[in-house]
Amino acid sequence: MVDDQGQQVGAGSALAPGGRPAPRAGASAPAASVVGVRVAGGTLNDDLRAIRVVWKRELIRFSRNRIRIVTSLVQPILFLFVLGTGLSPILSGSDHFNFRTFMFPGVIGMTVLFTAIFSAISIVWDREFGFLREMLVAPVHRSALVLGKCLGGATVATIQGAIMLALAGAVGVPYHPLMLLILIGEIALTAFALTVFGVLMASRISQIEAFQVVTQMVVLPMFFLSGAIFPTSKLPQWLAVLTKIDPLSYAVDPLRRTVFSQIALSPRLNALLNPGVTWNGWRLPTLLELAMVAVAAGVMLFVAILQFSRTD
């Protein structure tokens, strides 16, 4: 018997698919090459790549939304130049001090606060439209996704806060290089802590409307009780206690200390406008306040990771 290629094939030989003779019994078959397969996920490189992708997604979303960039700066500018000018008569005759200079650190804190919370709202948006589920089933640790989201939101909030620093000269704050560098570091830490706080709130909220209500109920009291727009000295006892409970107070005070370190003030006016956060008459050092903010951010990040690690 002859096959289709003209080769002689025995009558009892079986043909393999394709018309070729099947190997005889006992003949050694050629060794098949085995390609190694690696399951994605579980390695440090995979998690770092996931962090970078989520972080970059936040930056791309921010850079493409120019309306958001502009509108997020309108409210701080209104507070600084409209409200600050309206409250200036409070300090009339006080060494010709501009009240907008006092409000400048608080307005920076407000900019970072609302930008960070706005970044966290995208989690609720992604959950409502199903994109978050696609992210959570990715073959990476969920902690990488949460960390990438927090870093992305913190980067956006830091950029917004740094843009506000350009207005320093308009409110009587000098452009001192070391001061600006310290302020950017404090802004970055505050932005990360506030973004983690927003992500923690968004971790169990499934509707955008509910998230907006919760943020209005929590964020506005945090802002007004932090001493961002009024001095915390000579407050009633009940209000002074609330300012010490407010975690944002420990982020705004370092910003104000850094700004006031470059401004010449009389001891009386400095004690009035820059009293700091005190516990039983002891004023907390700046490094301790920043350490408290960092510890709070770490605790909230851990809780947020636990929330996202739960099976929905």
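Which residue out of 228, 202 is farther than 30 Å from residue 128 by Cα and touching a residue at least 12 places away in the same chain (Cβ under 8 Å)?
Values: 202 fails: farther than 30 Å from residue 128 by Cα.
Residue meeting the stated conditions: 228.
Checking residue 242 against (1) under 13 Å from residue 225 (Cβ atoms); (2) in contact (Cβ under 8 Å) with a residue 24 or more places away in the chain; (3) touching a Leu at 6+ places or on another chain (Cβ under 8 Å): exactly one of these is not met. Which one?
Among (1) under 13 Å from residue 225 (Cβ atoms); (2) in contact (Cβ under 8 Å) with a residue 24 or more places away in the chain; (3) touching a Leu at 6+ places or on another chain (Cβ under 8 Å), the lone unmet condition for residue 242 is (2).
Whether any residue in region 263-273 is surrounded by 14 or more Cβ atoms within 10 Å (Cβ to Cβ), modelled with pLDDT under 90 and in a loop (DSSP other than H, G, I, E, B) is what I want to check.
Yes: region 263-273 contains one or more residues that are surrounded by 14 or more Cβ atoms within 10 Å (Cβ to Cβ), modelled with pLDDT under 90 and in a loop (DSSP other than H, G, I, E, B).
Looking only at region 206-243, which residues are modelled with pLDDT of 90 or more, part of a loop (DSSP other than H, G, I, E, B) and loosely packed, with under 15 Cβ neighbours inside 10 Å?
236
Residues checked against (1) more than 30 Å from residue 143 (Cα to Cα); (2) aliphatic (A, V, I, L, M):
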| position | (1), (2) |
| --- | --- |
| 240 | yes, yes |
| 252 | no, yes |
| 260 | yes, no |
| 284 | yes, yes |
| 299 | no, yes |
| 306 | no, yes |
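Sort out for me the helices (runs of 4 or more DSSP H) sitting completely within region 95-205 that have 3 or more residues that are modelled with pLDDT of 85 or more, surrounded by 24 or more Cβ atoms within 10 Å (Cβ to Cβ) and under 19 Å from the mean Cα position of the chain (by Cα). Give the steps one after another, and end with the answer.
Numbers: elements: 99-128, 131-136, 142-164, 177-202.
Because the criterion is at least 3 residues that are modelled with pLDDT of 85 or more, surrounded by 24 or more Cβ atoms within 10 Å (Cβ to Cβ) and under 19 Å from the mean Cα position of the chain (by Cα), the helices (runs of 4 or more DSSP H) in region 95-205 that meet it are 99-128, 142-164, 177-202.
Look at region 282-301 and say how many of its residues are part of a helix (DSSP H, G or I) and farther than 20 Å from residue 113 by Cα.
Filtering region 282-301 down to residues part of a helix (DSSP H, G or I) leaves 286-301.
Okay, now just the ones that are also farther than 20 Å from residue 113 by Cα, so 287-288.
Final tally of qualifying residues: 2.
The values are calculated or read from the model by the stated rules, or taken from the named source; none is laboratory data. Bear in mind the structure is a predicted one, so any value in this text is a computation, not a measurement. Positions of Cβ are backbone-derived with ideal geometry, glycine not excepted, and every protein chain shown enters the neighbour counts.
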